[in-house]
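Okay, structure first, notes after.
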Amino acid sequence: MQNRMKTHPLTEDEINILLDEESVGRLATIGADGFPYIVPVHFVHHNQKIYIHGLIRGQKLDNIAANPNVCFEVDLFEGFIMPDEKSPCDVNTKYRSVIITGTAKVVEDEKTKEEALNEIVEKYTPTLMGAPFGSGIKATAVIEISVEECTGKYYS
């Protein structure tokens, strides 16, 4: 375990707040070439799962189909902590972060898909709540991450 995880863990409530308030997370998948692929995404934390929306085709979906194991990260950079003495090696960072490992799948159930999309609309564009999705919903994939492990840490 990382030292800061031992000394500066976020509480479950603090983890939930970060997941609810931050607008960009990073999804890491494993590509066919065996290399990690990471992409910034909009997301929502709902019912103890992470939901991400995007196009129905793409590298992240291909990677998930081949290997559902993923990592998801969210962080909040709050600034630099400058040392009393002028030493660049002693500059630190004030931050909060959450790392989730789990398994991902494309949501096939239309009710779950629409529920997740409604949560995403509420988070990012609440003025559009209740507006019909129309035919765009067919061109939209929803990825569901089932959380295996979730850790959060901070430094201030």
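Bear in mind that the values in this text are calculations on the coordinates, not laboratory data. Fair warning: this is a prediction, and the values are worked out from it, not measured in the lab. Note: ideal-geometry Cβ built from the backbone for every residue, glycine included; neighbour counts use all protein chains shown.
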With the first residue restricted to the range 134-156 and required to be more than 23 Å from residue 62 (Cα to Cα), and the second required to be of a type in the set (D, E, K, R) and outside any helix (DSSP H, G or I), Cβ contacts under 8 Å at 6 or more apart or on different chains are 152/96; 153/96; 154/96; 155/94; 156/78; 156/94
The one condition residue 127 fails out of (1) in contact with a Gly (Cβ under 7 Å, 6 or more places away or on another chain); (2) in a helix (DSSP H, G or I) is (1)
Log entry, pairs with first residue in the range 120-131 being on the phi < 0 side of the Ramachandran plot, second being hydrophobic (A, V, I, L, M, F, W, C) and part of a loop (DSSP other than H, G, I, E, B), beta carbons closer than 8 Å, six or more apart or on different chains, reads 121/129; 121/131; 122/129
> Got at least one residue in the range 59-70 being under 30 Å from residue 125 (Cβ atoms), over 17 Å from the mean Cα position of the chain (by Cα) and either among the aliphatic types (A, V, I, L, M) or surrounded by 13 or more Cβ atoms within 10 Å (Cβ to Cβ) (or both)?
Replying inline: yes
Across (1) in contact with a Cys (Cβ under 9 Å, 6 or more places away or on another chain); (2) touching a residue at least 60 places away in the same chain (Cβ under 8 Å); (3) under 18 Å from residue 105 (Cβ atoms), residue 49 clears everything bar (1)
Subset of the range 70-109, residues touching a residue at least 40 places away in the same chain (Cβ under 8 Å), assigned to a strand (DSSP E or B) and more than 14 Å from residue 29 (Cα to Cα), comes to 74, 75, 76, 78, 81, 92, 93, 94, 95, 96, 97, 98
